[in-house]
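This report concerns only the one structure given below.
Derivation of every value follows stated rules applied to the coordinates shown; laboratory data play no part. Nothing here was measured: the structure is a model prediction, and the numbers come from that model. So basically every Cβ, Gly included, is an ideal-geometry build from the backbone, and we count neighbours across all protein chains shown.
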Amino acid sequence: MKTVIQLKELSKLGYTTDVARSLAINIISKYCKHETKEDVVNVLKNIQAQPQSWLQNETWSKLAEHFSPEPADETFQAYDLKHEHDVAPLKVYGGKHIDTNAKQQMATALSLPVALQGALMPDAHGGYGLPIGGVLATNNAVIPYAVGVDIGCRMALSIFNENDKYVKRYAYQIKEALRDHTHFGMEGSLDYRNEHAVLDSNMFQQTELLRTVQGKAARQLGTSGSGNHFVEFGSIELYENNMLHLPAGNYTALLSHSGSRGLGAAVAMHYTQLAMDVCKLPSEAKNLAWLDMNSEAGQEYWMSMTLAGDYAKASHDCIHANLAKALGLQVLAKVENHHNFAWKETLQDGRDAIVHRKGATPAHKGEAGIIPGSMINAGYLVSGKGVDAALNSASHGAGRAMSRKKAKESFTNSALKKMLADKGVSLIGGSIEEAPGAYKDIDTIMGAQKELVEVHGKFMPAIVRMNRE
């Protein structure tokens with residue numbers, strides 16, 4: 001039976017800070033599943049009273065360090081970048097489709113002292129810190145800007161018990177459901193509150209920051225941000241012998257793309273600043289400041305990132321459940337994946353690493369994922385092939401071919417409307433910043449990563465909801 005110790009009990013034991021309680025709860029949940037509560041309480045008392053004697057203990061050392069009378073120095077440390085011949089190895093996929101800025105940013109990331117290995121996906125383009133489409137493995141360090149501002153941004157696909165003719169037949173009802181049960185933009189919320197177990201997570205009580213954003217998280221649950229976030233209905237053609245074990249054929253499907261909203265943004269900004277305060281790097285690398293995973297701040301960020309990822313998943317759960325209920329649809333299968341996150345993984349050579357995927361889809365062998373195109377172009381249901389050189393990753397979409405500013409200068413609303421009409425796609429909201437021409441060709445990108453993923457189905461959008469910029 002799982003050992004559970006409440007926050008009040010920890011406080012009575014002398015665990016009066018957010019960090020102490022967070023460290024204790026994380027260790028207990030991971031390592032004390034088969035211990036009695038009495039034994040765990042005795043260990044906690046002992047660590048609090050005599051932390052020095054626990055500093056070498058493999059399980060409890062981080063908690064002991066917190067109570068040690070000589071804690072680690074929290075002042076900043078300056079680092080130099082590696083020389084060109086010492087940088088971590090990189091594998092690039094579809095290099096001719098990737099702009100120079102993204103390649104330069106990746107080169108800078110690989111010159112960090114903590115960098116172990118990198119990969120660049122064919123949809124890559126410039127970002128802040130790590131490029132979008134960049135994958136970076138580090139040694140015991142987490143880089144907030146290598147995860148991104150929209151922590152846990154992800155894809156979710158629901159396949160329903162209707163064929164592909166349903167969308168055309170019930171287009172009006174689908175549009176009404178999308179208007180009633182989705183919301184886009186930086187602020188605002190739905191007309192009703194969504195309920196989900198994630199809002200009751202005790203992680204919201206572990207830091208002052210998380211406590212302050214819990215109310216906003218409750219308001220924004222089940223909503224989407226701006227930019228390239230979307231909720232869309234369409235048809236999916238499932239191929240023979242697909243990984244979902246559904247009969248081959250055409251189905252109605254719902255595809256969504258969004259992240260952790262204000263919660264993730266607050267966590268990203270807070271810990272990026274914290275990282276930049278304690279980790280001083282040359283100017284070209286300053287956005288890649290990291291937090292040591294053995295530090296209190298590193299543990300706090302990891303917990304907060306995990307919560308933001310759980311919250312992003314919960315938002316997709318609410319969107320899909322509400323729309324399916326409103327339309328009376330039954331879900332046959334669901335596939336989902338993060339693409340702005342960090343994971344603890346083991347590299348091919350056996351080294352433990354923190355693998356950051358900023359705008360990249362996890363693609364371990366057999367792992368399901370969704371790679372979208374644009375509002376008029378196909379998206380693909382895939383399974384990973386587990387390529388070590390790619391750090392078990394694939395692209396997270398087609399990738400931008402031009403900036404939002406350039407897209408606004410290059411396209412007109414009338415041209416966008418004609419393009420949508422020619423493809424038979426209805427758009428609710430949206431803007432020319434997200435015009436299909438602003439993106440790379442999805443089939444070219446898929447061709448550049450054939451060795452990374454196997455395709456099991458092809459999704460075509462029909463009714464798309466996005467934010468109106």
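Roughly what % of Cα-Cα distances in the chain sit above 35 Å, to the whole percent?
34 percent
In the stretch 145-227, which GluC sites (Glu not before Pro) are in a loop and have at most 13 other Cβ atoms within 10 Å, using DSSP for the loop call?
Answer by residue number: Glu187, Glu195.
Treating the stretch 173-291 as a set of equal point scatterers at the Cα positions, no solvent, please give the Debye-formula log₁₀ I(q)/I(0) at q = 0.18 Å⁻¹.
-1.01
Hey, what angle do you get for helix 296-327 against the long axis of the chain, alpha-carbon based, 0 to 90 degrees rounded to 10?
30 degrees
From the phi angles alone, apply the Karplus equation (6.51, -1.76, 1.60; θ = phi - 60°) to the stretch 186-203 and give each ³J(HN,Hα) in whole Hz, x where the residue is Gly or Pro.
5, 10, x, 7, 6, 6, 9, 8, 7, 10, 7, 4, 4, 5, 9, 4, 6, 5
Treating only the Cβ atoms of Lys and Arg (+1) and Asp and Glu (-1) as charged, compute the dipole magnitude of the stretch 7-67 about its Cα centre; round to the nearest 20 debye.
Here the size comes out at about 160 debye.
Using a/c under 1.5 as the rounded threshold, could you call the stretch 7-67 rounded, prolate or oblate? The axes a ≥ b ≥ c are square roots of the C-alpha gyration tensor eigenvalues, and prolate needs a/b larger than b/c, oblate otherwise.
Judged from the Cα gyration tensor, the stretch 7-67 comes out rounded (a/c under 1.5).
With respect to the cross-link table entries Lys168/Lys450; Lys358/Lys450; Lys91/Lys313; Lys344/Lys458, which display a Cα-Cα separation exceeding 24 Å?
Violating the 24 Å limit, Cα to Cα: Lys168/Lys450; Lys91/Lys313; Lys344/Lys458.
With a 10 Å radius around each residue's Cβ, average the other Cβ atoms per peptide and rank 253-262, 309-318, 279-288, 424-433, highest first.
253-262, 309-318, 424-433, 279-288
Given 5 Å bins starting at zero, what is the percent of C-alpha pairs of the stretch 76-132 in each, up to the one with the largest pair distance?
Per 5 Å bin, starting at zero, the Cα-Cα P(r) for the stretch 76-132 comes out as 4, 21, 29, 23, 15, 5, 2, 1 percent.
Within the stretch 3-99, list the chymotrypsin sites (Phe, Trp or Tyr not before Pro) lying in a DSSP loop whose Cβ has at most 13 other Cβ atoms in a 10 Å radius.
Those satisfying the criteria are Phe76.
So what is the diffusion coefficient of the stretch 247-343 in µm² per second by Stokes-Einstein at 4 °C and 1.567 mPa s, using a Kirkwood Rh over Cα pairs?
Once the numbers are plugged in, D ends up at 81 µm²/s.
When a footprinting reagent is the concern and you count Cβ atoms within 10 Å, what order do Met186, Met121, Met155, Met276 take, fewest first?
The fewest-first ordering by Cβ neighbours comes to Met186, Met276, Met155, Met121.
Cα to Cα, under 17 Å, and not fewer than 8 places away if on the same chain: which aspartates and glutamates meet these conditions relative to Lys418?
Within reach: Glu433, Glu434.
Quick one: grab the alpha carbon gyration tensor of the stretch 320-430, order the square roots of its eigenvalues as a ≥ b ≥ c, and give me rounded if a/c is under 1.5, else prolate or oblate depending on whether a/b is larger than b/c.
oblate
Tell me which aspartates and glutamates have Cα within less than 16 Å of Lys103's Cα, excluding those fewer than 8 residues away on the same chain?
Partners found: Glu84, Asp123, Glu284.
Compute the acute angle (0 to 90°) between the alpha-carbon long axis of helix 18-31 and the principal axis of greatest extent of the alpha-carbon atoms of the chain; round to the nearest 10°.
Once rounded, the angle reads 80 degrees.
Could you state the angle between the C-alpha long axis of helix 171-181 and the longest principal axis of the C-alpha atoms of the chain, as a value from 0 to 90 degrees rounded to the nearest 10?
Orientation of helix 171-181: about 30 degrees from the principal axis.
What are the extents of the Cα atoms of the stretch 109-220 along their three principal axes, listed from largest to smallest and rounded to whole Å?
The principal-axis extents, from largest down, are 57, 39, 25 Å.
Run through the stretch 324-416 and list the trypsin sites (Lys or Arg not before Pro) located in a DSSP loop whose Cβ has at most 16 other Cβ atoms within 10 Å.
Listed in order of number, the matching sites are Arg351, Lys365.
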